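S.K.: What follows is a structure written as structure tokens; I'll ask about it next.
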Amino acid sequence: MNLDQAEAFARIRLLRSPNIGPVSYTQLLRRFGSAAASLEALPDLGKRGGRQYTPAPSARIEAEVTAVRQAGARYLFHDSPEYPSLLRELESAPPILTYRGDIALATKPCVAMVGARNASAAAVKLARDFAMALADAGLVVVSGLARGIDGAAHKGALPKTIGVIASGIEIAYPPQHAELQEQIASEGLLIAEQPPGTEPRGSHFPSRNRIIAGLAAGTLVVEAAPKSGSLITARLAGEAGREVMAIPGSPLDSRSQGCNQLIRDGAVLVQSPEDVVELLSGFDGNPRSTFRETQVWSYDPGEDFADEEPADIEQLLTTAPVSVDELIRQSGTSAAAVQLALLELEIIGRLTRHAAGRVSLTA
């Protein structure tokens, strides 16, 4: 698809506007046909929700575009032929990414490898050896450039590796991986969802994790504590209908408890790179792992609702997440009318979207 510069600029501005997330961005494009038309409509949508709304200023977007160019990066839009097909399947797929390196790597068969930051020496070596073998077998290894397992996976797989970061494309995090990050950008592929200049914050890491899980047919957890970001990535992979794999460890080591727990809950036990290759060869969307039943949406998050009036659903919402399907059933109105009502609530900051197609009032 050839996107003219004015519409590309409008898309970036739309996504950077207050309270616009991946789902609302997609719905606005479907409803109004273009980002430029969506930007014109936003103040009226805000007014209908009872609040004044101002899109992101053009000057801020001009500065961002300049910063992306200066970093040697490029934009990737959701409808570009180069956009990874597995990532596009996510309801919350990022509409715009920035990247450096070989974007073709993201269209090849990928496996995500994640694990503990304070990993044991044995697990670090295992991750590096696994990644090297998986890359030799034709898989691209995706990880998050964190210390420990992530860094080892990237080093083992280079140049067949994708680093997904929680900061702007030009910011190295953690600082001790600055050289590795630059090497991945030069020889592999570096991807960021956040605008340039964005320092990593806690809320950015789950967003980064969904991209890691979304790019890959399966996620392998090498070593992880029971409550860790690696398990978030595994859960997101399970919800996306991807393979979830884990390497077992000693029950006496807390760093293995997360992996053992995953296996107990349905992840596939993996003992060799060949196990991973066998699981992911010809992956058809039907994972062998039963870790977390996948969420199936009966509605289309991008459904056309051009002629609809919003449903009156605010009284059905609380701060507890509920599925959009349930709201459609209880409201007795069309899916499109419910989606439009949710869109208006989100634009004025009254709605929060959660994983697996759930929504709630903003606390």
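The values are calculated or read from the model by the stated rules, or taken from the named source; none is laboratory data. Every value quoted in this text rests on a predicted model; they were computed, and no experiment measured them. Using ideal geometry, Cβ is built from the backbone for each residue, glycine included, and neighbour counts are taken over all protein chains shown. The accessibility values were calculated without ligands, DNA or RNA, using every heavy atom of the protein model including side chains. Shrake-Rupley method; radii C 1.70, N 1.55, O 1.52, S 1.80 Å.
S.K.: Calculate for the chain the 222 nm mean residue ellipticity that helices alone would give, adding -39,500 (n - 2.57) per DSSP H run of length 4 or more and normalising by residue count, nearest 500 deg cm²/dmol.
M.R.: The per-residue figure over the chain is -12500 deg cm²/dmol.
S.K.: Roughly how big is segment 120-260's charge dipole about its Cα centre, with Cβ charges of +1 (Lys, Arg) and -1 (Asp, Glu), in debye to the nearest 20?
M.R.: With Lys and Arg at +1 and Asp and Glu at -1, about 320 debye.
S.K.: I'd like to know which of 197, 211, 251 lies farthest towards the positive end of the charge dipole of segment 192-296, counting +1 on Cβ of Lys and Arg and -1 on Cβ of Asp and Glu.
M.R.: Of the options given, the answer is 197.
S.K.: Then there's this: What share of Cα pairs, in percent, lie more than 19 angstrom apart in segment 1-126?
M.R.: Here the long-distance tail beyond 19 Å is 58 percent of all Cα pairs in segment 1-126.
S.K.: Let me ask something else. Roughly how far apart, in whole Å, are the Cα centres of segment 315-356 and segment 34-107?
M.R.: Centre-to-centre (Cα) distance: 23 Å.
S.K.: For residue 182 and residue 284, what is the calculated FRET efficiency with R₀ set at 45 Å and r taken between the beta-carbons, to the nearest 0.05?
M.R.: The value I calculate is 0.75.
S.K.: Rounded to the nearest 0.05, what FRET efficiency do residue 118 and residue 269 have when you use their Cβ-Cβ distance and R0 = 35 Å? Spell out each step's value before the answer.
M.R.: Details: r = 23 Å, r/R0 = 0.66.
So, using R0 = 35 Å, E works out to roughly 0.90.
S.K.: Let me know the charge dipole size of the chain about its Cα centre in debye, to the nearest 20, where only the beta-carbon of Lys, Arg (+1) and Asp, Glu (-1) is charged.
M.R.: Computed about the Cα centre, the dipole is about 980 debye.
S.K.: Percent relative contact order of the chain, based on C-alpha pairs within less than 8 angstrom and at least six residues apart?
M.R.: Computed over the chain, the figure is 15 percent.
S.K.: Which of the listed residues, 81, 115, 10, is farthest toward the dipole's positive end in segment 1-147, when Lys, Arg count +1 and Asp, Glu count -1 at the beta-carbon?
M.R.: 115
S.K.: On C-alpha positions alone, give me the angle between the axis of helix 121-136 and the longest principal axis of the chain, in degrees, nearest 10.
M.R.: Taking the Cα atoms of the chain, the angle to 121-136 is about 70 degrees.
S.K.: Excluding same-chain residues fewer than 8 positions from residue 125, which aspartates and glutamates have a Cα within less than 12 Å of its Cα?
M.R.: 150, 223
S.K.: How many percent of the accessible area of the chain is carbon or sulfur, using a 1.4 Å probe?
M.R.: 49
S.K.: In a shell of Cβ-Cβ distance under 13 Å around residue 156, excluding residue 156 itself, what net charge do Lys and Arg (+1) and Asp and Glu (-1) give?
M.R.: In short, +1.
S.K.: Same structure again: I need the peptides 84-91, 164-171 ranked by packing, meaning the mean over residues of other C-beta atoms within 10 angstrom, with the highest value on top.
M.R.: 164-171, 84-91
S.K.: With a cut-off of 8 Å between alpha carbons and a minimum separation of six or more residues, what is the relative contact order of segment 10-122 in percent?
M.R.: 24
S.K.: Just add up the charged neighbours of residue 182: K/R +1, D/E -1, any other residue whose Cβ is under 14 Å from the Cβ of residue 182.
M.R.: -1
S.K.: To the nearest 10 degrees, how steep is helix 229-239 against the longest Cα principal axis of the chain, on a 0 to 90 scale?
M.R.: It works out to around 60 degrees.
S.K.: Among the lysines, select those whose C-alpha is under 16 Å from the C-alpha of residue 160, and discard any that sit fewer than 8 residues away in the same chain.
M.R.: Of all the lysines, those that pass the test against residue 160 - Cα under 16 Å, at least 8 places apart if same chain - are 108.
S.K.: Mind ordering 229-237, 202-210 by average Cβ neighbours within 10 Å, highest first?
M.R.: Top of the packing list down: 229-237, 202-210.
S.K.: What do you get for the angle between helix 58-70 and the principal long axis of the chain? Use alpha-carbon atoms, 0 to 90 degrees, nearest ten.
M.R.: That helix lies at roughly 20 degrees to the long axis.
S.K.: A further question on this structure: So what is the relative contact order for segment 84-212, in percent, with contacts set as C-alpha pairs under 8 Å and at least six apart?
M.R.: 28
S.K.: Round to the nearest 0.05 the FRET efficiency obtained for residue 47 and residue 2 when R0 = 25 Å and r is the Cβ-Cβ distance.
M.R.: 0.15
S.K.: Same structure, new question: What are the radius of gyration and Dmax of segment 187-248, computed over its Cα atoms and given in Å?
M.R.: 12.6, 39
S.K.: If I model a spin label at residue 250 and residue 319 as a point 7 Å from the Cα along the Cα→Cβ vector, what separation in nanometres do I get?
M.R.: Between residue 250 and residue 319, the simple spin-label model gives 4.4 nm.
S.K.: Kirkwood Rh and Cα-based Rg: tell me the resulting Rg over Rh for the chain, rounded to two decimals. Please report the intermediate quantities before stating the final value.
M.R.: Values: Rg = 20.7 Å, Rh = 21.1 Å.
A ratio of 0.98.
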